[in-house]
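What follows is a short report on a single structure.
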Protein chains: 2
Amino acid sequence: MGQPRTVFFVSDGTGITAETLGNTLLTQFDTVDFKKTTLPFINTTEKAQATVDLINQLSARQEARPLVFSTTVNDEIRAILRACNCLFLDLFDGFVHTIEGELQQKSTHAQGRAHGLADSQRYNTRIAAMNYAMEHDDGQSTRDLSRADLILIAPSRCGKTPTSLYLALQHGLFATNFPLTEDDLEHMKLPKSLDGLADKCFGLTSDPERLSQIRSERRPGSKYASLAQCSYELRQAEQLYRRFNIPFISSAAMSIEEMATLVMQEKDLRRQSF
Amino acid sequence: MGQPRTVFFVSDGTGITAETLGNTLLTQFDTVDFKKTTLPFINTTEKAQATVDLINQLSARQEARPLVFSTTVNDEIRAILRACNCLFLDLFDGFVHTIEGELQQKSTHAQGRAHGLADSQRYNTRIAAMNYAMEHDDGQSTRDLSRADLILIAPSRCGKTPTSLYLALQHGLFATNFPLTEDDLEHMKLPKSLDGLADKCFGLTSDPERLSQIRSERRPGSKYASLAQCSYELRQAEQLYRRFNIPFISSAAMSIEEMATLVMQEKDLRRQSF
């Protein structure tokens, strides 16, 4: 393999949209080594010119020209960027015109809309959801549990915390989570504070080997981390989910995003994306 | 305003990329009322056909045809979807061919790559970052502080917690945060446990009115929430940041994403996007 190929994500806002689509496209070329840089807030012609200078300097020193993924909405800024020595991929322009035609409406060309503070009420809900998820992590609080959109339950270290925080932060959902204790698992019952809330529950499970490995990082050599204990807890948990008709998925081979997507789909929760 | 315009985000994976670019494009048409639905995991020809049936049924009942944003990589699935009665916006196809030409390489057409478990080591780092951020939220722990990529400091309720959790979850950064107490602010000093760590610190501030409003939701009528107290704390905090040469930004009119972007830019932290 030669020099890594240089990639820029350029945006007049945070760069999140440019990164998301750009990275998704680049995953389709997995044998190529990419060196990626995000240039956010390129929202003036001066910054655009400085960006062009930076890219051209780099380009002059490299075998192959850089790839530039852009989501700038301002025509003047985009025209400056487009002139640089690169493969310029505008993620916006073609689509905006197509949508303008379909809706018979001009676009606003407003910068930094997508990940800014466009809708403050929606934003406040998101912060409230995150505070709720933090306060209720790992069964720490039972206050106002009826407000929960969702209660994740699972034995320790099956991915409850990252999944609930992701659901709160990215989708504004009031997500909470409860550990299933040895006592719950032995007596095949839901935690007492979840009485009457089984319809909000969603279960997580895992593979015994994977769980044992994760628990070993925390407490190596312990009974808690042993394969026997992990197998037992997962078996009991899955039986408990079935008994209470609680849908469940395994976190063993899934990313946080995939788990969150499946949970929302199964519980018919409205997705929002921040 | 008539019927809301129906929008679908269709993907063979989580749908996050389709939503991100689709929503970004739709923010450019802010007078139109959109009704959005995400259809994730459309990864077989059967599911694609069922999706077409669903969209066509809806289309038949509405004045205007739906908008469909798609990021499916499989040619056969995409061909089925494209035939439905809608404005079909393929966020992938054109770009993939352009990039294939530039890199002189065929794309892999692998489904669900972008938000799946492609790189497990990278994924484990992300989970470790999130656990670290949770453990260290609001100065709860001082264990292993030298591991931090970043320490956010601010008076109570300036946005430390959402920003650190976002940096951990979305960018895999070991982000922690410390409150500035009345004692710190009065004596214009950094919290004791941050001795020698000022170069990792980043400050947040806010507007007194905005902070007072947020604090009032938690403790209405308290001294803590009073405008006088908020003004005092923010003034002292900003002076403290300047004294210790700590960069800072105001959270008053910024989204979590914008703050996170500015913090990474200022501290020269490598962005990752999950």
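Since every read-out is calculated from the coordinates, none of them should be taken as a lab result. What you see is a predicted model, and the numbers here were worked out from it, not measured in a lab. Note that each Cβ is placed from the backbone with ideal geometry, even for glycine, and that neighbours are counted across all protein chains shown.
For B:ASP207, the point set 7 Å out from Cα toward Cβ sits 5.3 nm from its twins in the other copies, listed from shortest up.
Let me have the relative contact order for chain B, percent, based on Cα pairs under 8 Å that are six or more residues apart.
On the way: 421 pairs, mean separation 39.1, N = 274.
Across chain B, relative contact order equals 14 percent.
For segment A:77-91, backbone phi angles converted through the Karplus equation (6.51, -1.76, 1.60; θ = phi - 60°) give residue-by-residue couplings of 5, 5, 5, 5, 4, 4, 6, 7, 7, 7, 8, 8, 10, 8, 7 Hz, Gly and Pro being listed as x. Applied to segment B:157-166, the Karplus parametrisation 6.51 cos²θ - 1.76 cosθ + 1.60 on θ = phi - 60° returns per-residue 3J(HN,Hα) values of 6, 9, x, 4, 5, x, 5, 5, 5, 4 Hz, with x for Gly and Pro.
Placing a label point 7 Å from the Cα of A:PHE244 along the Cα-to-Cβ direction, the distances to the matching points in the other copies come to 4.4 nm, shortest first. Tell me the mean residue ellipticity at 222 nm calculated for chain A from its helices only (DSSP H runs of n ≥ 4, each -39500 (n - 2.57), averaged over every residue, nearest 500). The per-residue figure over chain A is -13500 deg cm²/dmol. Put a dot 7 Å past the Cα of B:ASP75, heading toward its Cβ, do the same for A:THR45, and the two dots end up 4.5 nm apart.
Taking a sphere under 9 Å around the Cβ of A:GLY112 and counting the other residues whose Cβ falls inside, with K and R at +1 and D and E at -1, yields a net charge of -1.
Rounded to the nearest 20 Debye, what is the dipole magnitude of segment A:5-103 about its Cα centre when Lys and Arg each give +1 and Asp and Glu each give -1 at the C-beta?
On the way: 8 positive and 13 negative charges, 89 e Å.
For this selection, approximately 420 debye.
Expressed per residue, the C-alpha convex hull volume of segment B:52-120 stands at 100 Å³.
Return an integer: the convex hull volume of the alpha-carbon atoms of segment A:44-165, in Å³ per residue.
Details: hull volume 25.5 nm³, N = 122.
Roughly 209 Å³ of hull volume per residue.
Think of each Lys and Arg Cβ as +1 and each Asp and Glu Cβ as -1; about the Cα centre, that makes the dipole of chain A roughly 340 debye.
Which loop trypsin sites (Lys or Arg not before Pro) in segment B:208-260, with loop taken from DSSP, have no more than 14 other Cβ atoms within 10 angstrom of their Cβ?
The qualifying sites are B:LYS223.
Ratio of Rg to Rh for chain B: 1.09 [Cα atoms; Kirkwood radius as inverse mean 1/r over pairs].
For a label point 7 angstrom out from the Cα of A:MET188 toward its Cβ, which stretches of segment A:228-246 have the backbone nitrogen within less than 15 Å? Only A:233-246 fall inside the zone, counting backbone N under 15 Å. For chain B, the longest principal axis of the C-alpha atoms and the axis of helix B:45-61 are separated by about 90°.
Compactness of the protein assembly as shown was expressed as the Cα radius of gyration divided by 2.2 N^0.38 Å, which yields 1.00. Restriction of the trypsin sites (Lys or Arg not before Pro) in segment A:77-106 to DSSP coil positions whose beta-carbon has at most 14 other beta-carbons within 10 angstrom yields A:LYS106.
Hand me the GluC sites (Glu not before Pro) from segment A:1-75 located in a DSSP loop with no more than 16 other Cβ atoms within 10 Å, in residue order please. Mind dumping the intermediate values first?
Values: sites: A:GLU19, A:GLU46, A:GLU63; in loops: A:GLU63.
Those satisfying the criteria are A:GLU63.
Computed about the Cα centre, the dipole magnitude for the protein assembly as shown is approximately 580 debye when only Lys and Arg (+1) and Asp and Glu (-1) carry charge, each at its Cβ.
Put simply, the amide H of A:LEU180, placed in the peptide plane, has neighbours under 5 Å in A:ALA154, A:SER156, leaving out anything fewer than 5 places away on its chain. For the pair A:ARG243 and A:SER141, label points projected 7 Å from Cα toward Cβ lie 3.1 nm apart.
Of all the Cα-Cα pairs you can form in segment A:5-103, what percent are over 18 Å apart?
Working: 2151 of 4851 pairs.
Tail of P(r) above 18 Å: 44 percent of Cα pairs.
A Cα-only calculation for segment B:144-209 places Rg and Dmax at 12.0, 36 Å. Once backbone amide H atoms are built at 1.01 Å from N, A:THR38 has A:PHE9 as its partners under 5 Å, excluding neighbours fewer than 5 places away on the same chain. Electrostatic bookkeeping for A:GLN3 treats Lys and Arg as +1 and Asp and Glu as -1; over the other residues with beta carbon under 13 Å from its beta carbon, the sum is +2.
The lysines whose alpha-carbon is closer than 24 Å to the alpha-carbon of A:LYS106, local same-chain residues fewer than 8 away aside, are B:LYS35, B:LYS36.
Near the amide H of A:THR205, within less than 5 Å, lie the amide hydrogens of A:ILE249, A:SER250, A:SER251, all on another chain or at least 5 residues away, with H placed in the peptide plane. When the alpha carbon gyration tensor of segment B:120-266 is reduced to an equivalent ellipsoid, the three semi-axes, largest first, read 25, 17, 14 Å.
Placing unit charges on each Cβ (+1 for Lys and Arg, -1 for Asp and Glu) gives the protein assembly as shown a dipole about its Cα centre, and among B:SER164, B:PHE9, B:MET188 the Cα reaching farthest toward its positive end belongs to B:MET188. A point 7 Å from Cα along Cα→Cβ stands in for A:LEU54, and the other copies hold the same point at 4.1 nm, listed in rising order.
Within the straight-line cut-off of under 26 Å between alpha carbons, the lysines reachable from A:LYS160 are A:LYS189, A:LYS192, A:LYS200, A:LYS223, A:LYS267, B:LYS160, sequence neighbours fewer than 8 places apart in one chain being disregarded. Only one residue of B:LEU262, B:VAL68, B:ALA154 has its Cα farthest out toward the positive end of the dipole of chain B, where Lys and Arg carry +1 and Asp and Glu -1 on Cβ, and that residue is B:ALA154.
Here the Karplus curve 6.51 cos²θ - 1.76 cosθ + 1.60, taken at θ = phi - 60°, turns the phi angles of segment A:106-114 into couplings of 7, 7, 7, 6, 7, 7, x, 5, 4 Hz, with x standing for Gly and Pro. In chain B, with Lys and Arg counted as +1 and Asp and Glu as -1 at Cβ, which of these residues, B:ASN43, B:TYR132, B:THR142, has the Cα nearest the positive end of the dipole, that is, farthest along it? Farthest towards the positive end: B:THR142.
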